[in-house]
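First up is the structure itself, then whatever we jot down about it.
The values are calculated or read from the model by the stated rules, or taken from the named source; none is laboratory data. Computed from a predicted structure; not experimentally measured. Positions of Cβ are backbone-derived with ideal geometry, glycine not excepted, and every protein chain shown enters the neighbour counts. To get the accessible areas, we keep the full protein, side chains included, count just its heavy atoms, and leave off ligands, DNA and RNA. Shrake-Rupley method; radii C 1.70, N 1.55, O 1.52, S 1.80 Å.
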Amino acid sequence: MTAVPLRLPRRLIEFTLDGRETRVPEGSTILEACRAAGTDVPTLCQGDTLTPKNACRVCVVEVEGARTLTPACSRRAEAGMTVRTDSERARHSRKVVLELLASSTDLSTTPGAAGWIKEYGAEPGRFGADAARVNEEPKVDNDLYVRDYDKCIQCYKCVDACGEQWQNTFAIAIAGRGFDARVSTEHGVPLTDSACVYCGNCIEVCPTGALSFKSEFDMRAAGTWDEPAQTETTTVCAYCGVGCNITLHVQDNEIVKVTSPHDNPVTHGNLCIKGRFGFQHVQNRV
Ligand code: SF4
Ligand code: SF4
Ligand code: FES
């Protein structure tokens, strides 16, 4: 018999969101309240399976009485608080964050970034052609996934997913300081010489495409990556008896990558190397 864990019922709290009385279960973040109310607040470092890191600050909102802007992704809604998501101060702060990120890194594969840059009137080009950029060549040192740190915003999500929050492998960490800070393996060795076990759980949480399947990287380079044309089918991995859910992304009748549903109560979007990358044998029919 399968036992579905029931959560304790939570009482509702009331607060004011953009001038409207809003009720959310106690413990909800301001971001969760915004999403329930259909209010768009941009996020980059927030991950639905990870503890908030407060690294990007693109989600800031104004809480009445607070001296500084507040990250909506980590601040819990409190009874009686008054929150404004669209104040001039919050919009200006998001604009600057987007300008700094887009002027130093490549956000071309970050979902939502182009729209937010337009919406907030961000002008990454205003720092000029000499603006400091990461400008790193993609690291292609294995057949499974590629690390393109030119697209990395140092949100820490991959580090947290690889470390104590999920994988407990600790193959990667942030090395260096200031502008030289980078996600790195121990001593910067190639992934193949590191502790990495190729679970791909870091790819699952990366918000920018800095970490991507080799299949996706190659198809983007060839100009054949066509996400709108892809179908997604969630099924059960057959490699062992655990029964993890996997979602097959299929384009032109070929599996091009595998993700895992984040709302699965057992795996929370995480997989092992077999579930994540074992799809390649499906295409190798002789
Ligand atoms: S593939 Fe898995 S083990 Fe390797 S760096 Fe990513 S999360 Fe860590
Ligand atoms: S590689 Fe991706 S997940 Fe890791 S810090 Fe950079 S942007 Fe975040
Ligand atoms: S999404 Fe909230 S601080 Fe990054």
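Restricted to the stretch 153-187, and to residues that are modelled with pLDDT under 95 and among the small types (Gly, Ala, Ser), which residue is nearest to ligand 2 (Cβ to nearest atom)? Residue satisfying both the conditions and the ranking: Ala181.
Taking Arg94, is it of a type in the set (Lys, Arg), in a helix (DSSP H, G or I) and either modelled with pLDDT under 95 or under 23 Å from Ala114 (Cα atoms) (or both)? Criteria met by Arg94. Examine the stretch 98-112 for a residue that is in contact with a strand residue (DSSP E or B) (Cβ under 7 Å, 6 or more places away or on another chain), surrounded by fewer than 20 Cβ atoms within 10 Å (Cβ to Cβ) and assigned to a loop (DSSP other than H, G, I, E, B), and state whether such a residue exists. Looking through the stretch 98-112, none of the residues is in contact with a strand residue (DSSP E or B) (Cβ under 7 Å, 6 or more places away or on another chain), surrounded by fewer than 20 Cβ atoms within 10 Å (Cβ to Cβ) and assigned to a loop (DSSP other than H, G, I, E, B). One residue stands out in the stretch 45-58 among those that are open to solvent by less than 40 Å² (accessible area, probe 1.4 Å) and over 19 Å from Val96 (Cβ atoms): the one that is farthest from ligand 3 (Cβ to nearest atom), namely Thr49. Meeting the requirement of 1 or more residues that are within 16 Å of ligand 3 (Cβ to nearest atom) and open to solvent by 20 Å² or more (accessible area, probe 1.4 Å), the helices (runs of 4 or more DSSP H) wholly within the stretch 118-222 are 157-162.
A quick yes/no check of all residues on (1) at pLDDT 95 or above; (2) of a type in the set (D, E, K, R):
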{"residue": "Ser108", "(1), (2)": "yes, no"}
{"residue": "Ala114", "(1), (2)": "yes, no"}
{"residue": "Ala122", "(1), (2)": "yes, no"}
{"residue": "Ala129", "(1), (2)": "no, no"}
{"residue": "Ala132", "(1), (2)": "no, no"}
{"residue": "Pro138", "(1), (2)": "yes, no"}
{"residue": "Asp141", "(1), (2)": "no, yes"}
{"residue": "Val146", "(1), (2)": "yes, no"}
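Among the candidates Asp252, Asp193, the residue that is over 23 Å from the mean Cα position of the chain (by Cα), within 16 Å of ligand 1 (Cβ to nearest atom) and acidic (Asp, Glu) is uniquely Asp193. The condition of being more than 14 Å from ligand 2 (Cβ to nearest atom) and either touching a residue at least 24 places away in the same chain (Cβ under 8 Å) or surrounded by fewer than 16 Cβ atoms within 10 Å (Cβ to Cβ) (or both) holds for Thr85. Return yes when Val61 is touching a strand residue (DSSP E or B) at 6+ places or on another chain (Cβ under 7 Å), under 30 Å from Pro261 (Cα atoms) and either surrounded by 16 or more Cβ atoms within 10 Å (Cβ to Cβ) or without any contact (Cβ under 8 Å) to a residue 60 or more places away in the chain (or both) and no when it is not. Here the answer is yes, as Val61 does meet what is asked.
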